[in-house]
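Trainee: Structure provided below as structure tokens; questions to follow.
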Amino acid sequence: MDAKADEEHREDDIVIFEGRFSWWAAWCMMIWVICFIASTVVMVLSARGSAFDIISEEISFIKEMNPPYGPEDQPNVDATMREINQMFRYRLPQTALFYSLSAASLGLFTVSYFTSYMLLEDQGTKRVLDIGLVIQKGVQVYFDRAIPLLLLFLLSGGLYVGMTAGYQAGLCFAAGATMNLISARMGVRVTVQGQTRLAHALSHELFDALQIGVRTGSIGGLLATSLGLGGMAGMWLLIRDTLSLSGFGSGAAIVSFYLRVGGGIFSKGADIGADLVGEVDEHRQDEDEKIFELQRTMAELESQRKERSKKGVEGDDEDMMEQLKRMEQEMQDIACQLHPIDYLDAVGENICDVSGTCADLFESMVLILATCAIIGSKGSPVPHFNSGLPFWIVATGKIGCSLVAYYCHAHERYTARQIRWSLRFNLLCVIILVQVVQVLISFQEFLAGTIDFTRFWHFGVISLMGQLAPEICVLFAEYFTSVDYAPVRSLALNSDLGVVQVVLQGFGQGFLSTSLPAGLMIVIVVITWQLENHYGLVLLSASSVSGTGFQGGIASYGAVATNAHKIVHLTTYHAMTRHRANICAALGDSTAHAGNTVSAVNAFSAVFNVALTLLAQTYTSMDQSYTQVTGPLLSNYSQAGLVTGIVLTFLFCANTMTACLDTSRGFEKYCRECKDVSRIERLPFPQSHIRPLKLLTAYGAVMSVRMVLSPMINTLAVPLIGGYLLGVKGLLFLISGSNVLVLCLSTLLVNSGQSWVAARKFVLFGLLKDADGEVVGPDSVHNRNLLIGESIGGPMEDTTGPAMNNFIKFV
């Protein structure tokens with residue numbers, strides 16, 4: 001009898017799988033500490049004038065006095081002036097570059113520490129671990145199939161850059177592509193392991209769970225921006241040619257384009273394909289409805305328990321616990337019975353929102369830094385200072401982002417909205433730190449006499465506007481896309497009026513949400529131009545990416561929280577755990593959407609710099625000053641450029657949306673014809689799902705590569721048509737017109753799609769009540785209508801909208 005009782009007791013025990021220590025992360029921490037110390041020592045020596053001078057020789061964009069910091073030995077011995085399209089020498093801003101290397105080392109140390117911290121946390125129960133294993137296998141297969149195909153694109157692009165722009169540009173191309181690919185692959189590989197740990201931590205305290213979630217998300221954001229900043233600083237010190245640095249951005253652009261566009265096509269194609277498969281699969285159960293009913297039953301049981309406790313009635317707790325255990329087993333059965341394609345949305349979340357977002361932010365940062373180095377050195381009277389100031393700003397932002405990621409203030413009673421404001425306070429700390437350093441560096445130059453007081457305060461105003469602009473745009477977008485504000489609640493409440501009401505109201509709110517971001521950016525650009533002309537735009541763009549490390553980290557947190565939320569709702573009946581999961585998921589939706597908004601603003605700033613660099617390079621080759629270009633602005637070619645840019649932008653939208661639909665139909669056909677992609681009945685979970693999911697992921701990875709060809713050809717056609725047929729002026733107007741259109745259209749698509757997603761979650765979380773006070777659930781007409789809106793908005797929000805930022809930067 002005792003043996004039998006012990007056996008039953010063991011069956012009732014809940015086994016928690018512990019975390020593990022990572023020697024790899026520990027060694028990386030040691031390496032980055034050494035790099036930080038070495039970079040800091042060299043930076044201090046350089047600031048004291050004790051380090052060796054690094055001299056660069058460039059072609060000047062302007063006619064100006066020789067650089068005030070020397071060197072005295074210039075290529076033209078008898079010339080006292082820098083002449084347009086003539087060589088000149090200047091000292092590299094090596095103190096700023098070594099400071100950037102120190103900041104990148106600190107960021108990479110933080111990544112290593114967060115990785116070690118996350119891996120040491122408990123992984124959760126076996127069922128939590130099983131679901132996480134299925135997602136992890138899918139992500140691994142996607143990259144195993146996609147990376148070799150991506151390398152073919154990179155090889156051809158690298159050969160072209162090397163033959164046309166020289167071996168130094170080819171070397172930068174290879175470095176940019178490699179670092180972006182490493183950051184995307186390693187970031188998502190580590191991040192996906194944090195999802196099960198977050199799901200388990202939600203059963204304890206919200207504060208601890210939030211620290212795990214934010215730190216896990218920050219791994220991807222800090223890794224991408226640290227490699228981007230450190231790579232740019234290191235390559236400039238190595239090759240000493242700013243124009244070749246554009247190759248660094250070109251390599252990053254190809255990787256970013258594929259991961260964002262191809263990943264979005266895969267993610268939304270699988271999502272829509274799962275709906276198509278569900279319609280023909282008789283055995284698929286409605287997951288949302290069953291989970292909602294279980295949640296409502298759990299709430300009722302918990303209410304009954306509390307009521308009995310108040311009355312002092314005992315004796316029914318064991319029956320209630322048995323009933324809850326049966327319900328938990330029923331939820332676990334749902335996880336087992338789902339078609340393997342239903343797990344592809346979780347795989348797509350990691351690919352699209354972690355690797356895609358981080359690769360996108362990496363690309364924006366390196367493009368902006370490359371153009372800042374070109375304009376700051378070749379087009380300014382003080383190249384040592386003007387080319388270095390953007391690196392001081394971005395590097396200080398990197399240090400601030402690394403520090404604030406260690407802590408997020410919250411407690412058990414916090415709502416998602418309150419936590420979001422806590423994260424926003426962290427970003428405010430970064431802004432303050434950057435402004436302090438920027439003012440100190442600029443004031444030092446003012447004391448040296450190289451800039452006057454007018455330029456000193458101009459730099460402060462421009463950098464502050466650049467830092468605040470992305471977050472103001474995010475704040476305005478959140479008002480229209482968060483469940484905490486009136487527009488989304490109104491959309492959910494009115495959704496019973498029909499699909500037409502849902503679609504039109506969602507689009508209407510999306511159109512309205514573009515007004516402030518577009519207007520704000522236009523006003524800021526005009527003010528910046530009035531203050532500091534061309535260099536002002538350079539400083540504005542550098543300031544806009546100073547907080548990218550933290551913003552990218554919390555954007556990646558969105559995917560972590562969404563998948564942890566799904567795991568929680570498939571594995572536990574505990575009401576408080578599910579409540580915390582809902583809070584983290586709502587927060588994750590807001591932060592992931594914020595990442596898309598920040599990407600749009602950064603792309604807008606980066607393209608302005610690229611157009612400015614193109615203008616300077618073209619007119620310098622004709623021995624003309626690009627700062628004094630005059631003539632009729634609207635020629636036939638410039639008007640043709642505007643129209644061509646608009647037409648090709650809309651064609652890109654059509655290509656990406658059509659690719660999503662083609663991929664979804666491909667998934668549906670593949671599931672019909674291939675019986676091996678159904679769950680294996682004879683095997684237990686997760687073995688019943690791993691092999692079918694691998695087949696589906698491999699098929700989707702190859703399919704997404706095929707589907708991304710058309711948008712890529714569309715993108716390559718834009719500069720070719722503009723450059724060869726319309727000339728420089730037509731190309732400039734094409735880029736400028738497309739840039740403004742992309743900012744507005746991307747904001748519209750992302751915000752409209754997110755508003756439908758948020759409104760449906762408002763229903764699924766049980767927050768919507770009818771006139772009688774009854775909770776409106778998944779079986780309601782509200783949910784059915786919003787589901788149609790979500791299906792329409794999915795490709796807009798996760799594929800076409802974000803991909804447009806990569807489109808304009810790739811152009």
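Trainee: If Y485 meets every condition in (1) touching a residue at least 12 places away in the same chain (Cβ under 8 Å); (2) touching an Asp or Glu at 6+ places or on another chain (Cβ under 9 Å); (3) under 30 Å from N785 (Cβ atoms) apart from one, which number is that one?
Mentor: With (1) touching a residue at least 12 places away in the same chain (Cβ under 8 Å); (2) touching an Asp or Glu at 6+ places or on another chain (Cβ under 9 Å); (3) under 30 Å from N785 (Cβ atoms) applied to Y485, the lone miss is (1).
Residues checked against (1) of a type in the set (A, V, I, L, M, F, W, C); (2) open to solvent by 10 Å² or more (accessible area, probe 1.4 Å); (3) not in a helix (DSSP H, G or I):
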residue: R682; (1), (2), (3): no, yes, yes
residue: M707; (1), (2), (3): yes, yes, no
residue: T715; (1), (2), (3): no, no, no
residue: Y724; (1), (2), (3): no, yes, no
residue: F733; (1), (2), (3): yes, yes, no
residue: S736; (1), (2), (3): no, yes, no
residue: C744; (1), (2), (3): yes, yes, no
residue: L748; (1), (2), (3): yes, yes, no
residue: G753; (1), (2), (3): no, no, no
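Trainee: Given the conditions (1) over 24 Å from A146 (Cα atoms); (2) at pLDDT below 85, which single one is not true for V705?
Mentor: It fails just one condition, (1).
Trainee: Can you work out which of the residues in region 502-530 that are closer than 19 Å to Y479 by Cα and polar (S, T, N, Q) is surrounded by the fewest Cβ atoms within 10 Å (Cβ to Cβ)?
Mentor: Per the criteria, the residue is S515.
Trainee: Test S746 against the stated conditions and say whether it is modelled with pLDDT of 85 or more and among the hydroxyl-bearing types (S, T, Y).
Mentor: yes
Trainee: Here's a follow-up. Please go through (1) touching a helix residue (DSSP H, G or I) at 6+ places or on another chain (Cβ under 6 Å); (2) open to solvent by 10 Å² or more (accessible area, probe 1.4 Å) for M87 and return the number of the only condition it doesn't satisfy.
Mentor: Condition not satisfied by M87: (1).
Trainee: Just checking, how many residues over region 40-52 are free of Cβ contacts under 8 Å to residues at least 40 places away in the same chain and either part of a helix (DSSP H, G or I) or not hydrophobic (A, V, I, L, M, F, W, C) (or both)?
Mentor: Within region 40-52, residues that are free of Cβ contacts under 8 Å to residues at least 40 places away in the same chain and either part of a helix (DSSP H, G or I) or not hydrophobic (A, V, I, L, M, F, W, C) (or both) number 6.
Trainee: Collect the residues in region 1-39 that are modelled with pLDDT of 65 or more, assigned to a helix (DSSP H, G or I) and open to solvent by 100 Å² or more (accessible area, probe 1.4 Å), keeping them in residue-number order.
Mentor: W23, W24, W27, M30, I34
Trainee: Further question on the same structure: I'm told T800 meets every condition in (1) of a type in the set (S, T, N, Q); (2) closer than 18 Å to I272 by Cα; (3) surrounded by fewer than 24 Cβ atoms within 10 Å (Cβ to Cβ) except one. Can you identify the failing condition by its number?
Mentor: Looking at each condition in turn, T800 falls short on (3).
Trainee: From L159, L151, which residue is surrounded by fewer than 24 Cβ atoms within 10 Å (Cβ to Cβ), under 24 Å from M232 (Cα atoms), within 25 Å of the chain's Cα centre (by Cα) and free of Cβ contacts under 8 Å to residues at least 24 places away in the same chain?
Mentor: Residue meeting the stated conditions: L151.
Trainee: Within region 91-111, take every residue that is in contact with a Phe, Trp or Tyr (Cβ under 7 Å, 6 or more places away or on another chain) and aromatic (F, W, Y) and give me the one that is surrounded by the most Cβ atoms within 10 Å (Cβ to Cβ).
Mentor: Here the residue is Y99.
Residues are listed down the side, and each one gets a yes or a no for (1) free of Cβ contacts under 8 Å to residues at least 40 places away in the same chain; (2) out of contact with any helix residue (DSSP H, G or I) (no Cβ under 8 Å at 6 or more places or on another chain); (3) crowded, with 24+ Cβ neighbours inside 10 Å:
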| residue | (1), (2), (3) |
| --- | --- |
| C358 | no, no, yes |
| L367 | no, no, yes |
| G376 | no, no, yes |
| P383 | no, no, yes |
| I393 | no, no, yes |
| S402 | no, no, yes |
| Y407 | no, no, no |
| Q418 | yes, yes, no |
| W421 | yes, yes, no |
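Trainee: For S621, which of the numbered conditions (1) open to solvent by 10 Å² or more (accessible area, probe 1.4 Å); (2) at pLDDT 80 or above; (3) not β-branched (V, I, T) fails to hold?
Mentor: Tallying (1) open to solvent by 10 Å² or more (accessible area, probe 1.4 Å); (2) at pLDDT 80 or above; (3) not β-branched (V, I, T), S621 fails exactly one: (2).
Trainee: Restricting attention to region 435-478, and to residues there that are touching a residue at least 12 places away in the same chain (Cβ under 8 Å) and of a type in the set (D, E, K, R), which single residue is surrounded by the most Cβ atoms within 10 Å (Cβ to Cβ)?
Mentor: Ranking the qualifying residues of region 435-478, first place goes to E478.
Trainee: Here are S556, S495, S546: which of them is among the polar types (S, T, N, Q), touching a residue at least 24 places away in the same chain (Cβ under 8 Å), within 23 Å of G228 (Cβ to Cβ) and outside any loop (DSSP other than H, G, I, E, B)?
Mentor: S556
Trainee: In addition: Considering only residues that are among the small types (G, A, S) and farther than 30 Å from P68 by Cβ, which ones fall in region 335-387?
Mentor: A335, A346, G348, S355, G356, A359, S364
Trainee: Test each condition in (1) at pLDDT 85 or above; (2) closer than 16 Å to L764 by Cα for L570 and report the one that comes out false.
Mentor: Here L570 meets the rest and fails (1).
Trainee: Could you please let me know if T164 is more than 26 Å from the chain's Cα centre (by Cα), closer than 30 Å to M707 by Cα and either of a type in the set (G, A, S) or surrounded by fewer than 24 Cβ atoms within 10 Å (Cβ to Cβ) (or both)?
Mentor: yes
Residue-by-condition table, conditions (1) of a type in the set (S, T, Y); (2) more than 30 Å from M365 (Cβ to Cβ); (3) in contact with a strand residue (DSSP E or B) (Cβ under 6 Å, 6 or more places away or on another chain):
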{"residue": "L709", "(1), (2), (3)": "no, no, no"}
{"residue": "M712", "(1), (2), (3)": "no, no, no"}
{"residue": "F733", "(1), (2), (3)": "no, no, no"}
{"residue": "T747", "(1), (2), (3)": "yes, no, no"}
{"residue": "V750", "(1), (2), (3)": "no, no, no"}
{"residue": "G753", "(1), (2), (3)": "no, no, no"}
{"residue": "A771", "(1), (2), (3)": "no, yes, no"}
{"residue": "L786", "(1), (2), (3)": "no, yes, no"}
{"residue": "E790", "(1), (2), (3)": "no, yes, no"}
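Trainee: Which pairs do you get when a residue that is among the β-branched types (V, I, T), found in region 578-592, comes within reach of a residue that is open to solvent by 20 Å² or more (accessible area, probe 1.4 Å), reach meaning Cβ atoms under 9 angstrom, with the pair 6+ apart or on two chains?
Mentor: I583/Y414; I583/T415
Trainee: Here's a check for you: in region 755-775, which residue that is in a loop (DSSP other than H, G, I, E, B) and farther than 26 Å from D798 by Cβ is least open to solvent (accessible area, probe 1.4 Å)?
Mentor: G773
Trainee: Among the candidates V538, V499, V545, which residue alone is surrounded by fewer than 24 Cβ atoms within 10 Å (Cβ to Cβ) and touching a Gly at 6+ places or on another chain (Cβ under 8 Å)?
Mentor: On inspection, the qualifying residue turns out to be V499.
Trainee: Against the condition of a type in the set (V, I, T) and in contact (Cβ under 8 Å) with a residue 24 or more places away in the chain, how does I59 come out, does it pass?
Mentor: Here the answer is yes, as I59 does meet what is asked.
Trainee: Same structure again: Need the failing condition index for A346 against (1) at pLDDT 85 or above; (2) among the aliphatic types (A, V, I, L, M); (3) open to solvent by less than 10 Å² (accessible area, probe 1.4 Å); (4) within 23 Å of G595 (Cα to Cα), just the number.
Mentor: Result: A346 passes all but (1).
Trainee: When both residues are 6+ apart or on different chains and their Cβ atoms are under 9 Å apart, which pairs have a first residue that lies in region 767-788 and is farther than 21 Å from H579 by Cβ, and a second that is hydroxyl-bearing (S, T, Y)?
Mentor: If the second residue must be hydroxyl-bearing (S, T, Y), the pairs left are D770/S780; S780/S495; V781/S495; H782/S495; R784/S495; N785/S495; L786/S495.
The values are calculated or read from the model by the stated rules, or taken from the named source; none is laboratory data. Predicted model, so just to flag it, every value in this text is computed and none were measured. Don't worry about glycine lacking a Cβ; one is built from the backbone with ideal geometry, like all the others, and counts go over all protein chains shown. Only protein heavy atoms, including side chains, enter the accessible area calculation; ligands, DNA and RNA are left aside. Shrake-Rupley method; radii C 1.70, N 1.55, O 1.52, S 1.80 Å.
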